Amino acid sequence: MNVPAETFTEPSTDRAAAIARCRFCDLPLTATFVDLGMSPLCESFVPPERANAMEPFFPLHVRVCDGCKLVQLQAYVAPEEIFTEYAYFSSYSTSWVEHARRYVEAMIERLALSPESFVVELASNDGYLLKHFLGTGIRILGVEPAKNVALVAEELGIPTLTEFFGVELARQIAGEHGHADLIAGNNVLAQVPDLNDFVGGVAVLLAPDGTATFEFPHLLRLMDEIQYDTIYHEHFSYFSLLTTMQIARSHRLEVYDVEELPTHGGSLRVYLCQAGSHEPRPAVEALLQRELEAGLDGEDAYADFGEKVDESKRALLELLIELRRAGEQVVGYGAPGKGNTLLNYCGIRTDFLDYTVDRNPYKHGLFLPGTRIPIYPTERIAEAQPDYILVLPWNLIDEISAQLAYTAEWGAKLIVPIPTARVVEPGA
Ligand SMILES: [Zn+2]
(Lines give C-alpha, C1' and ligand atoms only; values in the text may rest on other atoms or scores of the structure.)
Protein backbone atom coordinates (compact mmCIF):
# COMPACT_ATOMS: atom_id res chain seq x y z
CA MET A 1 0.00 0.00 0.00
CA ASN A 2 1.34 3.39 -0.97
CA VAL A 3 0.75 5.88 1.78
CA PRO A 4 2.07 9.37 1.17
CA ALA A 5 4.93 10.22 3.51
CA GLU A 6 3.16 13.28 4.87
CA THR A 7 0.54 11.01 6.46
CA PHE A 8 3.15 10.13 9.05
CA THR A 9 4.10 13.65 9.99
CA GLU A 10 2.88 14.44 13.47
CA PRO A 11 -0.55 15.97 13.55
CA SER A 12 -0.62 19.48 14.94
CA THR A 13 -2.51 18.58 18.10
CA ASP A 14 -0.96 21.37 20.08
CA ARG A 15 -2.40 24.47 18.51
CA ALA A 16 -1.66 26.48 21.60
CA ALA A 17 2.05 25.84 21.06
CA ALA A 18 1.86 27.51 17.67
CA ILE A 19 0.72 30.76 19.21
CA ALA A 20 2.32 30.61 22.67
CA ARG A 21 4.83 33.37 23.23
CA CYS A 22 7.31 34.03 26.02
CA ARG A 23 5.66 36.13 28.72
CA PHE A 24 8.85 38.12 29.15
CA CYS A 25 10.55 38.54 25.75
CA ASP A 26 7.66 37.58 23.43
CA LEU A 27 9.57 35.00 21.33
CA PRO A 28 7.47 32.02 20.17
CA LEU A 29 7.78 29.09 22.59
CA THR A 30 8.84 25.92 20.81
CA ALA A 31 10.99 23.92 23.26
CA THR A 32 9.41 21.61 25.85
CA PHE A 33 10.82 21.57 29.40
CA VAL A 34 8.45 18.89 30.70
CA ASP A 35 4.96 17.76 29.75
CA LEU A 36 3.01 16.49 32.78
CA GLY A 37 -0.15 15.86 30.79
CA MET A 38 -3.60 17.06 31.82
CA SER A 39 -4.25 18.09 35.41
CA PRO A 40 -6.98 19.89 37.37
CA LEU A 41 -6.26 23.16 39.18
CA CYS A 42 -4.29 22.04 42.19
CA GLU A 43 -6.14 24.18 44.75
CA SER A 44 -9.64 23.28 43.49
CA PHE A 45 -10.55 20.84 46.23
CA VAL A 46 -13.80 19.03 45.56
CA PRO A 47 -16.63 19.28 48.12
CA PRO A 48 -18.79 16.16 48.65
CA GLU A 49 -21.79 17.73 46.90
CA ARG A 50 -19.72 17.98 43.72
CA ALA A 51 -18.28 14.48 44.02
CA ASN A 52 -20.21 13.30 40.97
CA ALA A 53 -19.62 16.42 38.87
CA MET A 54 -17.11 16.96 36.08
CA GLU A 55 -13.83 18.67 36.78
CA PRO A 56 -11.94 20.78 34.25
CA PHE A 57 -8.44 19.55 33.41
CA PHE A 58 -5.82 21.76 31.79
CA PRO A 59 -2.46 20.97 30.19
CA LEU A 60 0.64 21.05 32.41
CA HIS A 61 2.98 21.47 29.48
CA VAL A 62 5.95 23.56 30.53
CA ARG A 63 8.12 25.22 27.92
CA VAL A 64 11.44 27.02 27.96
CA CYS A 65 12.05 30.15 25.91
CA ASP A 66 14.86 29.76 23.35
CA GLY A 67 15.81 33.38 23.85
CA CYS A 68 15.68 34.41 27.52
CA LYS A 69 15.47 30.83 28.96
CA LEU A 70 12.42 31.62 31.07
CA VAL A 71 10.74 28.31 31.96
CA GLN A 72 7.00 28.89 31.81
CA LEU A 73 3.50 27.59 31.62
CA GLN A 74 0.82 29.34 29.64
CA ALA A 75 -1.93 30.95 31.69
CA TYR A 76 -4.57 28.42 30.62
CA VAL A 77 -6.89 29.69 33.29
CA ALA A 78 -7.69 33.33 34.08
CA PRO A 79 -5.93 34.40 37.31
CA GLU A 80 -9.27 35.72 38.56
CA GLU A 81 -10.54 32.14 38.57
CA ILE A 82 -7.55 30.84 40.50
CA PHE A 83 -6.79 33.55 42.99
CA THR A 84 -9.98 35.30 44.07
CA GLU A 85 -11.15 32.54 46.44
CA TYR A 86 -7.99 30.85 47.60
CA ALA A 87 -7.86 27.90 49.97
CA TYR A 88 -4.26 28.53 50.95
CA PHE A 89 -3.90 30.28 54.29
CA SER A 90 -0.20 30.88 54.89
CA SER A 91 -0.69 31.00 58.66
CA TYR A 92 -1.47 27.25 58.83
CA SER A 93 2.19 26.47 58.30
CA THR A 94 4.01 27.23 61.53
CA SER A 95 7.44 27.07 59.88
CA TRP A 96 6.33 29.53 57.19
CA VAL A 97 5.04 32.04 59.77
CA GLU A 98 8.36 31.70 61.61
CA HIS A 99 10.22 32.26 58.32
CA ALA A 100 8.19 35.47 57.83
CA ARG A 101 8.93 36.66 61.37
CA ARG A 102 12.67 36.24 60.88
CA TYR A 103 12.45 38.02 57.52
CA VAL A 104 10.72 41.03 59.08
CA GLU A 105 13.31 41.26 61.87
CA ALA A 106 16.15 41.00 59.38
CA MET A 107 14.72 43.66 57.06
CA ILE A 108 14.01 46.15 59.86
CA GLU A 109 17.65 45.89 60.86
CA ARG A 110 19.28 45.64 57.45
CA LEU A 111 17.29 48.47 55.85
CA ALA A 112 17.06 50.52 59.08
CA LEU A 113 13.26 50.75 58.74
CA SER A 114 11.61 53.30 61.02
CA PRO A 115 8.11 54.79 61.54
CA GLU A 116 8.87 57.01 58.51
CA SER A 117 9.24 53.90 56.33
CA PHE A 118 6.57 52.42 54.11
CA VAL A 119 6.39 48.68 53.47
CA VAL A 120 4.21 47.01 50.85
CA GLU A 121 3.73 43.29 50.56
CA LEU A 122 2.49 41.85 47.26
CA ALA A 123 0.35 38.75 47.74
CA SER A 124 0.08 39.43 51.46
CA ASN A 125 -2.25 36.44 51.97
CA ASP A 126 -3.78 36.34 55.46
CA GLY A 127 -1.25 38.79 56.93
CA TYR A 128 1.19 36.01 58.01
CA LEU A 129 4.11 38.38 57.26
CA LEU A 130 2.88 41.95 57.71
CA LYS A 131 1.49 41.14 61.17
CA HIS A 132 5.08 41.06 62.42
CA PHE A 133 5.32 44.79 61.61
CA LEU A 134 2.32 45.59 63.82
CA GLY A 135 3.44 47.57 66.86
CA THR A 136 6.65 48.85 65.20
CA GLY A 137 5.01 52.02 63.90
CA ILE A 138 6.19 51.21 60.37
CA ARG A 139 3.47 51.93 57.80
CA ILE A 140 2.32 48.78 56.04
CA LEU A 141 0.05 47.92 53.14
CA GLY A 142 -0.91 44.50 51.81
CA VAL A 143 -2.02 43.71 48.27
CA GLU A 144 -3.96 40.46 48.06
CA PRO A 145 -6.52 39.64 45.33
CA ALA A 146 -8.02 36.67 47.19
CA LYS A 147 -10.85 38.27 49.17
CA ASN A 148 -11.34 35.48 51.70
CA VAL A 149 -7.73 35.49 52.90
CA ALA A 150 -7.42 39.30 52.67
CA LEU A 151 -10.36 39.56 55.05
CA VAL A 152 -8.41 37.68 57.72
CA ALA A 153 -5.55 40.19 57.35
CA GLU A 154 -7.94 43.15 57.63
CA GLU A 155 -9.31 41.69 60.85
CA LEU A 156 -5.77 41.68 62.25
CA GLY A 157 -5.54 45.40 61.48
CA ILE A 158 -3.48 45.12 58.30
CA PRO A 159 -4.72 47.49 55.55
CA THR A 160 -5.13 45.34 52.45
CA LEU A 161 -6.08 46.12 48.85
CA THR A 162 -7.91 43.22 47.19
CA GLU A 163 -6.58 43.83 43.70
CA PHE A 164 -4.04 42.47 41.24
CA PHE A 165 -0.76 44.37 41.26
CA GLY A 166 0.65 46.10 38.17
CA VAL A 167 1.81 49.48 36.87
CA GLU A 168 -1.59 51.10 37.32
CA LEU A 169 -2.07 50.02 40.94
CA ALA A 170 1.56 50.93 41.68
CA ARG A 171 0.93 54.52 40.51
CA GLN A 172 -2.21 54.68 42.61
CA ILE A 173 -0.43 53.42 45.77
CA ALA A 174 2.56 55.74 45.22
CA GLY A 175 0.16 58.65 44.75
CA GLU A 176 -1.77 57.93 47.93
CA HIS A 177 0.94 56.63 50.27
CA GLY A 178 4.28 57.60 48.70
CA HIS A 179 7.01 55.31 47.38
CA ALA A 180 7.87 52.11 49.19
CA ASP A 181 11.10 51.64 51.10
CA LEU A 182 10.53 47.91 51.09
CA ILE A 183 8.42 45.84 48.72
CA ALA A 184 8.15 42.21 49.73
CA GLY A 185 6.91 39.45 47.45
CA ASN A 186 7.09 35.87 48.62
CA ASN A 187 6.06 33.21 46.13
CA VAL A 188 4.15 35.72 44.03
CA LEU A 189 6.42 36.30 41.03
CA ALA A 190 5.75 32.79 39.75
CA GLN A 191 2.01 33.46 39.87
CA VAL A 192 2.02 36.62 37.78
CA PRO A 193 0.61 36.18 34.26
CA ASP A 194 1.73 39.60 33.01
CA LEU A 195 5.29 39.61 34.28
CA ASN A 196 6.31 42.89 32.61
CA ASP A 197 3.34 44.78 34.03
CA PHE A 198 4.05 43.40 37.51
CA VAL A 199 7.81 44.10 37.54
CA GLY A 200 7.12 47.45 35.86
CA GLY A 201 4.81 48.20 38.81
CA VAL A 202 7.61 47.39 41.26
CA ALA A 203 9.86 49.89 39.44
CA VAL A 204 7.12 52.54 39.71
CA LEU A 205 6.39 51.96 43.42
CA LEU A 206 9.94 51.49 44.71
CA ALA A 207 11.62 54.50 46.35
CA PRO A 208 14.90 55.68 44.71
CA ASP A 209 16.96 53.96 47.43
CA GLY A 210 14.34 51.33 48.30
CA THR A 211 14.67 47.55 48.23
CA ALA A 212 12.30 44.97 46.81
CA THR A 213 12.78 41.36 47.81
CA PHE A 214 11.26 38.43 46.02
CA GLU A 215 11.35 34.82 47.07
CA PHE A 216 10.65 32.05 44.63
CA PRO A 217 11.61 28.40 44.18
CA HIS A 218 14.98 28.25 42.43
CA LEU A 219 14.85 26.65 39.00
CA LEU A 220 18.33 25.20 39.49
CA ARG A 221 17.10 23.25 42.53
CA LEU A 222 13.91 22.20 40.75
CA MET A 223 16.06 20.73 37.99
CA ASP A 224 18.80 19.21 40.19
CA GLU A 225 16.29 17.55 42.52
CA ILE A 226 13.62 16.69 39.96
CA GLN A 227 10.99 18.69 41.86
CA TYR A 228 8.47 18.41 39.05
CA ASP A 229 5.57 18.52 41.54
CA THR A 230 6.30 22.20 42.22
CA ILE A 231 4.88 22.77 38.73
CA TYR A 232 1.21 23.67 38.72
CA HIS A 233 -1.21 25.90 36.87
CA GLU A 234 -0.97 28.59 39.54
CA HIS A 235 2.78 28.84 38.86
CA PHE A 236 3.22 30.43 35.48
CA SER A 237 6.99 31.03 35.62
CA TYR A 238 10.03 29.17 37.03
CA PHE A 239 13.00 31.44 37.60
CA SER A 240 16.73 31.13 37.57
CA LEU A 241 18.86 34.03 38.78
CA LEU A 242 19.88 34.43 35.15
CA THR A 243 16.34 35.15 33.93
CA THR A 244 15.51 37.25 37.01
CA MET A 245 18.47 39.53 36.31
CA GLN A 246 17.38 40.01 32.70
CA ILE A 247 13.80 40.81 33.69
CA ALA A 248 14.94 43.29 36.35
CA ARG A 249 17.30 44.99 33.93
CA SER A 250 14.60 45.48 31.33
CA HIS A 251 12.65 47.52 33.92
CA ARG A 252 15.71 49.53 35.02
CA LEU A 253 15.93 47.53 38.21
CA GLU A 254 18.95 45.57 39.34
CA VAL A 255 19.51 42.44 41.43
CA TYR A 256 22.06 43.62 44.02
CA ASP A 257 22.02 40.66 46.38
CA VAL A 258 20.77 37.09 46.53
CA GLU A 259 20.38 34.49 49.26
CA GLU A 260 19.64 30.80 48.99
CA LEU A 261 16.88 29.64 51.34
CA PRO A 262 15.73 26.13 52.29
CA THR A 263 12.04 26.99 51.84
CA HIS A 264 9.87 25.22 49.25
CA GLY A 265 12.62 22.76 48.35
CA GLY A 266 15.19 25.50 47.76
CA SER A 267 14.31 29.11 47.06
CA LEU A 268 16.09 32.29 46.17
CA ARG A 269 15.56 35.62 47.85
CA VAL A 270 16.65 38.31 45.41
CA TYR A 271 17.16 41.92 46.46
CA LEU A 272 16.24 44.45 43.80
CA CYS A 273 16.90 48.17 43.68
CA GLN A 274 16.59 50.95 41.14
CA ALA A 275 19.54 50.35 38.77
CA GLY A 276 22.78 51.78 40.13
CA SER A 277 21.45 52.72 43.57
CA HIS A 278 23.13 49.88 45.50
CA GLU A 279 26.53 48.25 45.17
CA PRO A 280 26.07 44.64 43.94
CA ARG A 281 27.17 42.01 46.48
CA PRO A 282 29.54 39.18 45.42
CA ALA A 283 26.83 36.55 46.02
CA VAL A 284 25.09 37.61 42.81
CA GLU A 285 28.04 36.92 40.53
CA ALA A 286 28.89 33.70 42.41
CA LEU A 287 25.42 32.21 41.98
CA LEU A 288 25.22 33.36 38.38
CA GLN A 289 28.46 31.47 37.68
CA ARG A 290 26.98 28.29 39.21
CA GLU A 291 23.96 28.58 36.95
CA LEU A 292 26.16 29.06 33.91
CA GLU A 293 28.21 26.01 34.92
CA ALA A 294 24.96 24.03 35.14
CA GLY A 295 24.24 25.11 31.58
CA LEU A 296 21.17 27.23 32.29
CA ASP A 297 22.14 29.58 29.43
CA GLY A 298 22.14 26.70 26.92
CA GLU A 299 19.61 24.14 25.71
CA ASP A 300 20.81 20.67 26.79
CA ALA A 301 20.18 21.10 30.52
CA TYR A 302 16.51 21.80 29.82
CA ALA A 303 16.11 19.15 27.14
CA ASP A 304 16.80 16.09 29.34
CA PHE A 305 14.63 17.11 32.31
CA GLY A 306 11.48 15.35 31.06
CA GLU A 307 13.13 11.91 31.04
CA LYS A 308 14.33 12.38 34.64
CA VAL A 309 10.76 13.18 35.65
CA ASP A 310 9.38 10.07 33.95
CA GLU A 311 11.95 7.94 35.77
CA SER A 312 11.04 9.48 39.14
CA LYS A 313 7.40 8.56 38.48
CA ARG A 314 8.31 4.97 37.61
CA ALA A 315 10.29 4.59 40.84
CA LEU A 316 7.41 5.88 43.00
CA LEU A 317 4.87 3.63 41.29
CA GLU A 318 7.18 0.64 41.62
CA LEU A 319 7.41 1.18 45.37
CA LEU A 320 3.66 1.71 45.83
CA ILE A 321 2.77 -1.33 43.72
CA GLU A 322 5.17 -3.47 45.71
CA LEU A 323 3.74 -2.26 49.05
CA ARG A 324 0.10 -2.64 48.06
CA ARG A 325 0.75 -6.12 46.65
CA ALA A 326 2.23 -7.04 50.03
CA GLY A 327 -1.02 -5.87 51.68
CA GLU A 328 0.42 -2.77 53.35
CA GLN A 329 -1.88 0.12 54.13
CA VAL A 330 -0.60 3.35 52.57
CA VAL A 331 -2.07 6.79 53.28
CA GLY A 332 -1.03 10.33 52.49
CA TYR A 333 0.11 13.20 54.69
CA GLY A 334 -0.79 16.73 53.62
CA ALA A 335 -2.90 18.14 50.83
CA PRO A 336 -0.57 20.74 49.32
CA GLY A 337 -0.87 21.97 45.75
CA LYS A 338 2.30 20.10 44.83
CA GLY A 339 0.75 16.83 46.00
CA ASN A 340 -1.99 17.18 43.43
CA THR A 341 0.46 17.57 40.55
CA LEU A 342 2.32 14.50 41.74
CA LEU A 343 -0.75 12.32 42.30
CA ASN A 344 -2.41 13.27 39.01
CA TYR A 345 0.75 12.90 36.95
CA CYS A 346 1.57 9.53 38.54
CA GLY A 347 -2.04 8.32 38.40
CA ILE A 348 -2.16 7.64 42.15
CA ARG A 349 -5.74 7.48 43.42
CA THR A 350 -7.47 5.57 46.22
CA ASP A 351 -6.13 2.38 44.65
CA PHE A 352 -2.78 3.39 46.22
CA LEU A 353 -3.64 5.94 48.92
CA ASP A 354 -6.72 5.26 51.05
CA TYR A 355 -6.89 8.91 52.12
CA THR A 356 -4.73 11.83 53.09
CA VAL A 357 -4.75 14.04 56.19
CA ASP A 358 -4.13 17.76 56.59
CA ARG A 359 -3.83 20.26 59.45
CA ASN A 360 -5.89 22.89 57.61
CA PRO A 361 -9.52 22.45 58.77
CA TYR A 362 -10.64 24.30 55.62
CA LYS A 363 -9.75 21.14 53.66
CA HIS A 364 -11.33 18.49 55.90
CA GLY A 365 -14.16 16.57 54.24
CA LEU A 366 -13.06 17.68 50.78
CA PHE A 367 -11.50 15.53 48.07
CA LEU A 368 -8.23 16.12 46.24
CA PRO A 369 -8.82 17.50 42.75
CA GLY A 370 -8.61 14.90 39.99
CA THR A 371 -7.67 11.92 42.13
CA ARG A 372 -10.67 12.36 44.51
CA ILE A 373 -8.68 11.12 47.49
CA PRO A 374 -10.55 12.15 50.69
CA ILE A 375 -8.92 14.58 53.16
CA TYR A 376 -9.26 13.94 56.90
CA PRO A 377 -7.93 15.58 60.07
CA THR A 378 -4.46 14.39 61.10
CA GLU A 379 -5.91 12.47 64.10
CA ARG A 380 -7.05 9.82 61.64
CA ILE A 381 -3.49 8.49 61.45
CA ALA A 382 -3.33 7.69 65.19
CA GLU A 383 -6.69 5.86 64.95
CA ALA A 384 -6.02 3.87 61.77
CA GLN A 385 -2.31 3.16 62.34
CA PRO A 386 -1.32 2.83 58.66
CA ASP A 387 1.89 1.02 57.65
CA TYR A 388 3.22 3.67 55.27
CA ILE A 389 2.62 7.42 55.03
CA LEU A 390 3.41 9.20 51.76
CA VAL A 391 4.55 12.71 52.67
CA LEU A 392 3.26 15.03 49.96
CA PRO A 393 4.82 18.30 51.30
CA TRP A 394 8.28 16.62 51.23
CA ASN A 395 9.88 20.07 51.47
CA LEU A 396 8.73 20.12 55.12
CA ILE A 397 9.91 16.56 55.79
CA ASP A 398 11.90 17.47 58.93
CA GLU A 399 8.92 19.24 60.54
CA ILE A 400 6.48 16.50 59.49
CA SER A 401 8.77 13.65 60.46
CA ALA A 402 8.99 15.12 63.96
CA GLN A 403 5.20 15.53 64.12
CA LEU A 404 4.80 11.90 63.05
CA ALA A 405 7.44 10.50 65.43
CA TYR A 406 4.62 8.77 67.40
CA THR A 407 3.80 6.56 64.38
CA ALA A 408 7.05 4.66 65.07
CA GLU A 409 5.12 3.05 68.00
CA TRP A 410 3.34 0.73 65.58
CA GLY A 411 6.25 0.58 63.10
CA ALA A 412 4.96 3.00 60.47
CA LYS A 413 7.35 4.30 57.83
CA LEU A 414 7.36 7.45 55.77
CA ILE A 415 7.70 7.66 51.99
CA VAL A 416 9.44 10.69 50.51
CA PRO A 417 8.52 10.79 46.80
CA ILE A 418 11.07 13.30 45.44
CA PRO A 419 13.62 13.14 43.77
CA THR A 420 13.43 9.34 43.82
CA ALA A 421 10.98 7.56 46.11
CA ARG A 422 12.59 6.47 49.38
CA VAL A 423 11.41 5.07 52.71
CA VAL A 424 12.48 6.76 55.96
CA GLU A 425 11.81 6.22 59.67
CA PRO A 426 9.50 8.77 61.31
CA GLY A 427 11.23 11.09 63.78
CA ALA A 428 14.63 10.34 62.26
ZN1 LIG B 1 11.78 34.71 26.47
Compactness index (Cα Rg / 2.2 N^0.38 Å), the range 252-305: 1.32
The farthest towards the positive end of the charge dipole of the chain, of the residues 142, 207, 274, given +1 on Cβ of Lys and Arg and -1 on Cβ of Asp and Glu, is 142
Carbon plus sulfur, as percent of the 1.4 Å-probe accessible area of the range 122-273, comes to 52 percent
For residue 326 and residue 311 in the same chain, what is the full-extension length gain: residue separation times 0.36 nm, less their Cα-Cα distance, in nm? 3.1 nm
The chain - mean residue ellipticity at 222 nm from DSSP helices (-39,500 (n - 2.57) per run, n ≥ 4, rounded to 500): -9000 deg cm²/dmol
Assuming 0.36 nm per residue, please report the length gained on full extension of the stretch residue 27 to residue 53 beyond their Cα-Cα distance. 5.5 nm
Relative contact order of the chain (C-alpha contacts under 8 Å, at least 6 apart) in percent is 14 percent
Of 27, 343, ordered by accessible area with the largest first and a 1.4 Å probe, the sequence is 27, 343
Checked against a 26 Å limit on the C-alpha separation, the offending pairs among 69/147; 147/363; 69/338; 147/338; 338/413 are 69/147
Can you give me the distance in nm between label points at residue 300 and residue 378, each placed 7 Å from the Cα along the Cα-to-Cβ direction? 4.5 nm
Note the full-extension length gain between residue 286 and residue 428 as 0.36 nm times their separation in residues minus their Cα-Cα distance, in nm to one decimal. 47.7 nm
What is the spin-label model distance, in nm, from residue 406 to residue 194 if the labels are put 7 Å beyond Cα along the C-beta direction? 5.0 nm
Taking the solvent-accessible surface of protein heavy atoms with a 1.4 Å probe, what is the per residue accessible area of the chain in Å²? 43 Å²
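The values are calculated or read from the model by the stated rules, or taken from the named source; none is laboratory data. All of these numbers come straight from a predicted model, not from anything done at the bench. Please note: Cβ atoms are built from the backbone with ideal geometry, for glycine as well, and neighbour counts cover all protein chains shown. In case anyone asks, the SASA skips ligands and DNA or RNA and just uses the protein heavy atoms, side chains included. Shrake-Rupley method; radii C 1.70, N 1.55, O 1.52, S 1.80 Å.
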